[in-house]
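Structure first, then comments.
The values are calculated or read from the model by the stated rules, or taken from the named source; none is laboratory data. The shown structure was predicted, so the numbers you read here are calculated from the model rather than taken from an experiment. Positions of Cβ are generated from backbone atoms using ideal geometry, with glycine treated the same way; all protein chains shown enter the neighbour counts.
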Amino acid sequence: MKFLARLLAAGFILAVTGGAPLGAQALTTVKIGELEIKAGLQQQEGDRFFGSGTVEVRYRNLILFADRAEVNTKTKDVVAEGNVTLQIPNEVITAERLAFNLDTALGTMSKALGFLQPTIRYEAETIERKTDTLYAFEKTTFTTCTQPTPRWKFSCARANFKKNDYIEMWKAVIAVKKVPIFYLPYFRYPLDQERSTGFLIPQIGYSQTKGMIVSQDFFWAPARNLDATFSLDAYSAKGLGGGLRVRYIFRDGTAGEANLYYFRYKRSLTIAGGSEPANLPASSIIRLNHSQVLPLSFNLVAAVDYQNSFDFLKEFDNNFRRALVFNRSSQIYLSRAWSSYNFSVRAARFETFFPTFGGSDYAIINEYLPQVSFGAFKQRIFKPVFFSFNSGFNRWRYGMRQQFLGGTPLSGQSLYFVPTLTVPYNTIPWLNLNFSLEGIVNYYFKSYSYGTRFVVDEPMLTTQYAAAWEMLGPVLERIWELGGDRKLKHIIEPTVAYRYESSVSGSEQIITPYFFFRIHQLAYGLTNRLLLKSGDQRKEILTWGVSQSFYLSPEDSPLWAYAAYNDGVPPRFSEISSYLRFFPQDKLRFDFAIGYNTYRSTIPSMRFGATLGAPADPVFLNVNWFKSTNPWVPEDWYNRHQVGFSGGLKVPRLNFEVLAEVDFNIGERKFLYGGGSFVYHYQCLDFKGEIRIFNFRDTPEIQYRLGLGLGNIGKSTDFLGGLDLK
């Protein structure tokens, strides 16, 4: 209450009396140039002026009140004591004692309190005003709360305050109410409402497998277009991890984000049931996305998603879907488009691991070093014929991880050229037709020896032609008047597409990563659309489609490999695929997809999704259910049957936000993952809590986390986090 009493008294004096103290007696005024001194009792000795009782000093834009004051009218030095109040533009400080220079507006104050910018209030043993924008504090407290007993505050041994920038503190203690919760040797509190450099509030947690968990972030914003977040994760039972996240964007179109993480296990760590230290290797993660505009209008795109241990991700990554992904990828893509042409170069590597079959080393790797393509868009030769072409060079390697380590992966390189003549027909509004004729030329640098799988240095030149036609229509429409300016349109769009590729002599000698096939098929489908028009706005509220392919040459089709499971006869029909998308309201959507195998009379795939709102909305809900099998292969490891729920709720009246996520394996009747996160906004405090249950890990884990938000300071986040509320 002392703080409020002194601040309110000072404000009331300045606001009500216009700078004159309440109950002021007859004051004697002395004016020397810009200096004006008023005092009830006064005495002057040369350049030194002594005042007591009630003293008021005005100089330029400064006003000072005190019970006693000594002013040197020549040097403009002031020493004041007793109920000192100093008014500086946009700032009021009260203190018990002040030593100050009116010319420089610099000096020290003892037993001071006041407001900064203007929501931060403080109490300090001493304050030194070093410049117009820089203050030094000793034994001080800071808070943005206005309650008599602050909801939170910082206490520190010393601090520096820079206007519109930061408060940096040494030996800082964060207390909620009167309970200390964190000690920080150094802390930087940002004052800028935009991004500011400084430590974020730590996040603490606990799990029975990892022990105590502490996450601490440091945010660095050297420029408006560049920032970096340094993170440290400490697990008392496991080890230490450090992360770096860099974001950047430049005027020339260069932009990107890099995420790096490194984790080292404790040397004393032992695996369950063991007695000797496990000596687990360190784990690292690299995730990079970069785009850049180069000279001559070239565009560069690069992406890396690499981790050296999927076992580490499964144990530590708190994002459920990311923790169960066993893929690595890296690729760089250079492209340019001009006039009617396009050019691109791509280098890529993809790795898919299958730990269920052969441990963490069982993987399939696919490399492209490089892929080069050059093509021309459609150009009219003469009405109605258009010409286009595509050409390129491919160099690839494919095989198991063991083959790559042994230097024996399958590899190949080839050149191709595909010129195309196209004749479109769209004269009839309800019918679109497209006819095309292609030449397909491939040159393979190596081939299989005839009748074997031995690679020989004998090139092959193959030629094909392909003919195709596509038809959309006849399109049928009907419009219903719903009253007012609302109309409902129903559109029926049948599609038929035929493609024939000629056979290739010696196709069994072509080296491919998978197998060689040619397309001779008829694809057909039907799409229904419902569009609602209200005034000038039109939106699609329902789309339903069904499609299938019929293979006229099934022995060469993509399904020929399933002949062994179909009494030796390659299937002629693909699955019947159907999908439905329904938008009953602006923020409500339903999606449904299903596949039907006519040979097995089974439904090999089915998916349902429902979405209400978006994560930023007051109410958000998402449901995703899917079931899939391979009807041709009896092994159960093809089967998938899972359901997932996620949602969020914001209640402004209660200052409360909650987010939840659940995933369940229906096929195995196993709960996989569940998480909940909440934020409670309590005046100048944000309380955040999380609970996550990881049942898919080798050792099931329940994890708890707590965090705080204080004023302008954000919360540290889990670098490997999933469920989150900002």
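Brief remarks follow.
- Among residues of the range 695-720 that are at positive phi and touching a residue at least 40 places away in the same chain (Cβ under 8 Å), those with a Cβ under 8 angstrom from a residue that is in a loop (DSSP other than H, G, I, E, B) and among the polar types (S, T, N, Q), sequence gap 6+ or separate chain, pair up as 711/119; 711/144.
- The single condition from (1) part of a strand (DSSP E or B); (2) among the β-branched types (Val, Ile, Thr); (3) within 30 Å of residue 561 (Cα to Cα) that residue 504 fails is (1).
- Residue in the range 448-468 that is of a type in the set (Phe, Trp, Tyr), modelled with pLDDT of 95 or more and closer than 30 Å to residue 343 by Cα present: yes
- Residue count for the range 95-106 under the criterion of being in contact with a Lys or Arg (Cβ under 7 Å, 6 or more places away or on another chain), crowded, with 19+ Cβ neighbours inside 10 Å and closer than 11 Å to residue 78 by Cα: the result is 1.
- So residue 75, is it outside any strand (DSSP E or B), at pLDDT 90 or above and out of contact with any Phe, Trp or Tyr (no Cβ under 6 Å at 6 or more places or on another chain): yes
- Filtering the range 218-250 to residues that are at pLDDT 90 or above, within 24 Å of residue 169 (Cβ to Cβ) and buried (at least 19 other Cβ atoms within 10 Å of the Cβ) leaves 229, 231, 233.
The rows are residues; the columns are (1) surrounded by fewer than 16 Cβ atoms within 10 Å (Cβ to Cβ); (2) under 32 Å from the mean Cα position of the chain (by Cα).
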{"position": "587", "(1), (2)": "yes, yes"}
{"position": "593", "(1), (2)": "no, yes"}
{"position": "597", "(1), (2)": "no, no"}
{"position": "605", "(1), (2)": "no, yes"}
{"position": "616", "(1), (2)": "yes, yes"}
{"position": "627", "(1), (2)": "no, yes"}
{"position": "636", "(1), (2)": "yes, no"}
{"position": "640", "(1), (2)": "yes, yes"}
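- Search result, residues across the range 565-585 that are farther than 13 Å from residue 550 by Cβ and touching a strand residue (DSSP E or B) at 6+ places or on another chain (Cβ under 9 Å): 577, 578, 579, 580, 581, 582, 583, 584, 585
- Looking across 473, 535, 483, one residue alone is more than 30 Å from residue 445 (Cα to Cα), within 42 Å of the chain's Cα centre (by Cα) and small (Gly, Ala, Ser). It is 535.
- Filter result for residue 721 (assigned to a loop (DSSP other than H, G, I, E, B) and among the small types (Gly, Ala, Ser)): yes
- Which numbered condition residue 137 fails, given (1) at pLDDT 85 or above; (2) in contact with a Cys (Cβ under 9 Å, 6 or more places away or on another chain); (3) farther than 19 Å from residue 88 by Cα; (4) not β-branched (Val, Ile, Thr): (3)
- Odd one out for residue 377 among (1) loosely packed, with under 15 Cβ neighbours inside 10 Å; (2) modelled with pLDDT of 90 or more; (3) in contact with an Asp or Glu (Cβ under 7 Å, 6 or more places away or on another chain): (3)
- Candidates 538, 529: the one that is within 30 Å of residue 613 (Cβ to Cβ), assigned to a strand (DSSP E or B), free of Cβ contacts under 8 Å to residues at least 12 places away in the same chain and in contact with a strand residue (DSSP E or B) (Cβ under 7 Å, 6 or more places away or on another chain) is 538.
- Single residue of 511, 479 found to be of a type in the set (A, V, I, L, M) and touching a residue at least 60 places away in the same chain (Cβ under 8 Å): 511
- So residue 412, is it assigned by TED's automatic domain parsing to the domain that holds residue 490 and either surrounded by 15 or more Cβ atoms within 10 Å (Cβ to Cβ) or out of contact with any His (no Cβ under 7 Å at 6 or more places or on another chain) (or both): no
- The listed residues are 245, 188, and the only one of them that is part of a strand (DSSP E or B) and without any contact (Cβ under 8 Å) to a residue 24 or more places away in the chain turns out to be 188.
- The strands (runs of 3 or more DSSP E) located wholly in the range 381-448 that include 2 or more residues which are closer than 30 Å to residue 355 by Cα and over 37 Å from the mean Cα position of the chain (by Cα) occupy 410-425.
- Taken as a whole, the condition of being closer than 30 Å to residue 46 by Cβ and out of contact with any helix residue (DSSP H, G or I) (no Cβ under 8 Å at 6 or more places or on another chain) does not apply to residue 175.
- Selection over the range 89-148 of residues that are of a type in the set (Gly, Ala, Ser), assigned to a strand (DSSP E or B) and within 22 Å of residue 59 (Cα to Cα) gives a count of 6.
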